[in-house]
Amino acid sequence: MKSRAGILAQVSRPRKLIFLLSMLILILSACGGGGGTSPTGGGGLNTGGGTSGSNEIKLGALYIGSGPLASLGQDALRGVQMAIDEFHGTVAGKKIVLSKETSDATPNVARDAARKLIEQDGVDLMVGPLSGDEGLAVRDYAKTQPNKVFLNGSSGAEDTTLRNGAPNFYRFNTDAVQWMYPLGPYVYNTQGYKRIAILAEDYSFPYAQVGGFMTGFCGAGGHVVKKFWVPLGTTDYSSVVSQVPPNIDAIFVVLGGSDALNFLRQYIQFGGKAKLIGGAITVDQSVLSTKGALAQYVLGVASASNVADDNPDPAWQSFVSTYKARFPDGLGSPSNTALGYYVNTKAALLALQQTNGDLSNGEQKLKDTLASLEFDTPTGHMKLDSHHQAIGNSYITEVAKKPDGTLYNKLIQTAPNVTETLGMAEDQYLKLGPYTRDVPSCP
């Protein structure tokens with residue numbers, strides 16, 4: 001076989017030049033040096049300027065597809081689809097192409113799913129995730145992708161935005177602290193609950209719910225006798241039920257999905273006597289839509305969230321009607337995850353519309369537009385603070401029964417325009433410290 005030098009010696013100079021150029025192209029292609037859209041490896045920076053020159057906007061959606069919160073994940077995806085439907089599947093003259101990835105409520109899986117959407121699927125921006133620890137993980141991943149825009153789904157951990165936020169991460173839904181803060185004074189002053197126990201899942205979303213509730217409850221004069229922390233996905237609550245203190249007025253239950261159903265059924269089975277207070281998703285439609293003997297035990301349970309099933313606001317009623325028509329197999333009323341994903345997706349599409357789909361220069365126009373964006377949602381006017389965190393309404397509700405026997409969360413009281421710092425000066429609020437298992441505590 002002839003050597004490479006021998007081959008080159010046999011060709012003319014022009015042909016030699018063509019041969020060398022061809023070899024160079026082959027070498028660059030083998031090394032990934034071409035101008036393609038291959039993902040960066042090892043979580044490296046994606047420095048592309050988006051696909052603003054194409055006829056598509058690639059939108060990623062990250063939602064929970066398995067585990068105790070899977071039913072809420074399905075409702076989250078319904079919210080995304082409703083927002084896309086409003087724009088008839090196009091924005092700024094470009095087709096909206098939706099890529100979907102699922103997680104299981106754990107931060108590592110959520111981060112890897114976000115990475116796949118950004119680095120492999122090549123989405124221009126993404127919406128999600130759903131749960132608290134997931135939100136913190138995706139926020140941190142967003143910092144490694146400064147040229148992409150990330151919008152929250154329904155994740156409600158406070159520090160997703162308040163502390164160590166990512167400049168390209170935006171949350172157009174209120175967080176769990178904002179939802180639960182008004183509930184504390186309500187159950188103390190109106191329902192007369194002075195001494196309570198708390199049962200909650202052991203991660204950031206319940207920490208935020210418990211923190212917001214206790215800030216209001218303890219501030220009103222209430223006392224928390226005991227806290228129980230359980231892993232997400234717990235199925236056996238018998239030991240918790242057996243340890244509930246006898247001298248309490250109520251248990252504040254901060255569980256969701258199948259966890260909430262498992263506890264409620266076992267609490268009834270073991271003859272629990274204390275009244276119940278619900279977390280943001282403890283008595284939502286993913287629980288209330290379940291058939292069985294649960295109804296009589298949850299009637300009158302107070303809760304708080306960013307939704308109330310019978311909110312008389314015409315915008316909410318229209319949203320509910322559209323949801324039911326679009327998804328006849330959905331929940332009895334849109335959950336707060338459906339609303340969260342809908343509002344965040346709509347914010348993205350409104351901002352794309354206002355910028356004419358411009359994704360150049362690291363999506364800078366889109367980022368600037370989102371930071372100052374204000375619009376009306378099914379639950380009121382929405383705008384962001386300096387941390388890219390929504391300011392919005394929170395609703396206190398109680399479980400009630402319709403004439404046809406179905407359960408719903410009846411609106412009792414609206415807390416308007418709740419801020420992330422609960423109306424306090426930011427420096428004063430930050431001194432209270434992040435919410436954990438032990439913070440806050442009733443004096």
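The values are calculated or read from the model by the stated rules, or taken from the named source; none is laboratory data. Keep in mind that what you see is a predicted model, and the values were worked out from it rather than measured. Note that we place each Cβ from the backbone using ideal geometry, even for glycine, and neighbour counts take in every protein chain shown.
Structural remarks
- The helices (runs of 4 or more DSSP H) located wholly in the stretch 132-246 that include 1 or more residues which are within 24 Å of residue 283 (Cα to Cα) and of a type in the set (D, E, K, R) occupy 132-142.
- Out of 233, 256, sole residue that is crowded, with 19+ Cβ neighbours inside 10 Å, outside the structural domain of residue 76 (by TED's automatic domain parsing) and under 25 Å from the mean Cα position of the chain (by Cα): 256
Every residue, every condition in (1) in contact with a strand residue (DSSP E or B) (Cβ under 7 Å, 6 or more places away or on another chain); (2) more than 24 Å from residue 193 (Cα to Cα), yes or no:
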{"residue": "234", "(1), (2)": "no, yes"}
{"residue": "244", "(1), (2)": "yes, no"}
{"residue": "248", "(1), (2)": "yes, no"}
{"residue": "269", "(1), (2)": "no, no"}
{"residue": "277", "(1), (2)": "yes, no"}
{"residue": "299", "(1), (2)": "yes, no"}
{"residue": "322", "(1), (2)": "no, yes"}
{"residue": "325", "(1), (2)": "no, yes"}
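- Scan of the stretch 247-275 for residues that are assigned to a loop (DSSP other than H, G, I, E, B) and at pLDDT below 95, ordered by number: 247, 256, 270, 271, 272, 273, 274
- Test for residue 107: is it touching a residue at least 60 places away in the same chain (Cβ under 8 Å), touching a helix residue (DSSP H, G or I) at 6+ places or on another chain (Cβ under 6 Å) and buried (at least 21 other Cβ atoms within 10 Å of the Cβ): no
- Among the candidates 143, 194, residue that is out of contact with any Lys or Arg (no Cβ under 8 Å at 6 or more places or on another chain), among the charged types (D, E, K, R) and without any contact (Cβ under 8 Å) to a residue 40 or more places away in the chain: 143
- Of all positions in the stretch 242-250, at least one carries a residue that is over 25 Å from residue 174 (Cα atoms), touching a Lys or Arg at 6+ places or on another chain (Cβ under 6 Å), of a type in the set (Gly, Ala, Ser) and assigned by TED's automatic domain parsing to the domain that holds residue 398.
- Residue 274 surrounded by fewer than 22 Cβ atoms within 10 Å (Cβ to Cβ) and more than 23 Å from the chain's Cα centre (by Cα): yes
- Among residues of the stretch 148-160, those that are buried (at least 24 other Cβ atoms within 10 Å of the Cβ) and within 13 Å of residue 204 (Cα to Cα), counted: 5
- Among the residues of this structure, residue 222 counts as one that is closer than 20 Å to residue 245 by Cα, crowded, with 21+ Cβ neighbours inside 10 Å and touching a residue at least 40 places away in the same chain (Cβ under 8 Å).
- The listed residue being of a type outside the set (Gly, Ala, Ser), over 23 Å from the mean Cα position of the chain (by Cα) and assigned by TED's automatic domain parsing to the domain that holds residue 154, out of 336, 361, 344: 361
- Taken together, 128, 184 contain a single residue that is of a type outside the set (Asp, Glu), in contact with a Cys (Cβ under 8 Å, 6 or more places away or on another chain) and surrounded by 24 or more Cβ atoms within 10 Å (Cβ to Cβ), which is 184.
- Residues of the stretch 272-322 that turn out to be farther than 15 Å from residue 409 by Cβ and free of Cβ contacts under 8 Å to residues at least 40 places away in the same chain, as a count: 9
- Scope the stretch 187-211; condition within 30 Å of residue 347 (Cα to Cα) and surrounded by 21 or more Cβ atoms within 10 Å (Cβ to Cβ); matching residues: 204, 205, 206, 207, 208, 209, 210, 211
- Counted residues, the stretch 262-271 - those being under 19 Å from residue 290 (Cα atoms), surrounded by fewer than 17 Cβ atoms within 10 Å (Cβ to Cβ) and in contact (Cβ under 8 Å) with a residue 24 or more places away in the chain: 3
- Elements of type strands (runs of 3 or more DSSP E) contained in the stretch 338-443, each with 3 or more residues being free of Cβ contacts under 8 Å to residues at least 24 places away in the same chain: none
- Considering the conditions (1) at pLDDT below 95; (2) surrounded by 20 or more Cβ atoms within 10 Å (Cβ to Cβ), residue 46 is excluded by exactly one of them, (2).
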